[in-house]
Amino acid sequence: MGIFKISVIDFMTFLLMFFGLIYTVKGQWTAAGELEVRKQKLDSTTYDRLVRPTDTVAVKAALNLLSIDSLDTKSMTLTMTGWLTVVRLDRQKQDVKILNDAYLQFKVENTGVVEWELPLIFQTHCEVDVTFYPFDKQSCSIELTSWAYTKDDLTLEALYEEIKTEDLQENGEWAVTGSEVKAKDLTETKVSGSVKTYPVLEFVITLRRKPPYYVTGVILPVLLVAFLQILVFVLPVDSGEKIGFSITVLLALAVLLTLVTDSMPASAVHISYLSVYLAMTLVLGVFCVFATVIVIRLNFRDDAVPVPKWVYKLIRGCCVPLSCWRGCCKNSVSTNKGDDNKSFGCDDHDDLLSWKDVSAIIDWFFFVLLLVLTTLLTITFTLVLLIGGYT
């Protein structure tokens with residue numbers, strides 16, 4: 001009975017060793033089996049990890065993304081989290097399934113395929129184009145190369161045709177719309193005059209900004225303030241608030257322009273259309289202040305000073321028909337004598353106007369003019385942003 005028990009134990013040990021070998025071949029592994037193989041194989045192997053397995057080593061690489069941390073448009077820095085997969089074929093004899101380095105994880109197949117997965121936080125430079133901000137899209141790249149080995153010693157190939165984004169977490173500001181992997185060469189001239197060519201693998205990722213936040217937080221306030229400034233011309237002169245109102249709106253435009261430009265890179269190559277729109281609106285705001293001062297000055301001129309003939313002709317031939325002052329959209333305007341309110345008709349009498357009449361007509365003319373200019377400018381600006389940003 002005792003002899004039978006010993007035989008059973010020996011037989012079970014044999015089976016465990018046999019199945020451990022089968023698991024090794026099939027790719028399944030256990031901690032005890034790995035320890036046994038290390039003791040038997042690694043201590044006696046002649047393999048040197050510091051020696052290149054062939055004269056030219058072919059390395060394939062892939063980039064796997066976990067998250068888009070940030071894209072700082074001012075410093076032009078892209079930060080991402082993910083891991084880099086590097087695979088090569090080692091034609092030297094391999095005896096183990098898994099080889100664990102002290103710090104890094106290498107997977108070594110019994111066919112000689114070595115796989116290295118390196119987790120990293122990638123922080124790279126990205127040339128930012130804010131021309132169509134906030135409907136812009138950015139193309140950023142991560143370049144992988146070797147400064148130690150030239151193209152004769154090492155070749156870099158793409159493991160996949162694009163960046164792997166299966167595990168990518170959604171970013172609140174940027175959406176990934178595409179990616180590609182390109183292989184190219186980097187040529188460097190040494191001090192001795194020799195030219196070295198290094199392999200480069202470029203991972204290109206395309207990001208599109210999500211505009212809802214910027215539409216409500218940037219675009220909408222800009223448009224509202226742009227149209228708000230023209231209301232100064234419908235504000236009565238006697239209210240005494242025209243100058244204060246126009247200057248307040250002008251300051252609001254200046255603050256918005258400062259906030260927008262501060263968030264963008266200081267570059268003369270790519271200029272945002274939003275900044276151009278704000279600058280033009282700011283110019284119109286300055287014009288509104290000057291026009292308001294002129295209107296107020298004309299309104300309070302002494303009626304004893306007659307209105308010059310050229311002013312009357314300018315108003316009759318330009319301001320009234322272009323602005324359709326009180327429904328008069330033809331080249332004539334006159335005052336009805338005997339009417340204290342001096343209500344304008346559309347006849348052809350050449351009666352002179354008072355300075356208050358001149359002030360009121362010019363005020364309305366500026367309102368119509370600024371309304372048309374601001375509307376055309378806003379429509380053009382919106383179409384340029386939308387068409388340019390989504391093409």
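The values are calculated or read from the model by the stated rules, or taken from the named source; none is laboratory data. In this text the structure is predicted, and so the values were computed from the model without any measurement. Because the Cβ atoms are built from the backbone with ideal geometry, glycine has one as well, and the counts that use them run over all protein chains shown. We work out accessible area using only protein heavy atoms, side chains counted, and drop any ligands, DNA or RNA first. Shrake-Rupley method; radii C 1.70, N 1.55, O 1.52, S 1.80 Å.
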Starting at the first residue of region 191-202, write each ³J(HN,Hα) from the Karplus equation 6.51 cos²θ - 1.76 cosθ + 1.60 with θ = phi - 60°, in whole Hz, x for Gly and Pro. 4, 6, x, 6, 10, 10, 10, 10, x, 9, 10, 9
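Starting with the highest mean, order 272-279, 187-194, 140-147 by the number of other Cβ atoms within 10 Å, averaged over the residues of each peptide.
Details: 272-279: 20.0, 187-194: 7.6, 140-147: 16.8.
Order by mean packing, descending: 272-279, 140-147, 187-194.
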What does the accessible area of L231 come to, in Å² to the nearest 10, when a probe of 1.4 Å is used? 80
Hey, what do the phi angles of region 125-142 turn into as Karplus ³J(HN,Hα) couplings, whole Hz, using 6.51/-1.76/1.60 and θ = phi - 60°, x for Gly and Pro? 7, 9, 6, 8, 10, 9, 4, 9, 3, x, 9, 8, 10, 10, 10, 10, 9, 10
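Rounded, prolate or oblate for region 218-259? Axes are the square roots of the Cα gyration tensor eigenvalues, ordered a ≥ b ≥ c, and the cut-off for rounded is a/c under 1.5. The partial results should precede the final answer.
On the way: a/c = 4.68, a/b = 2.01, b/c = 2.33.
Oblate.
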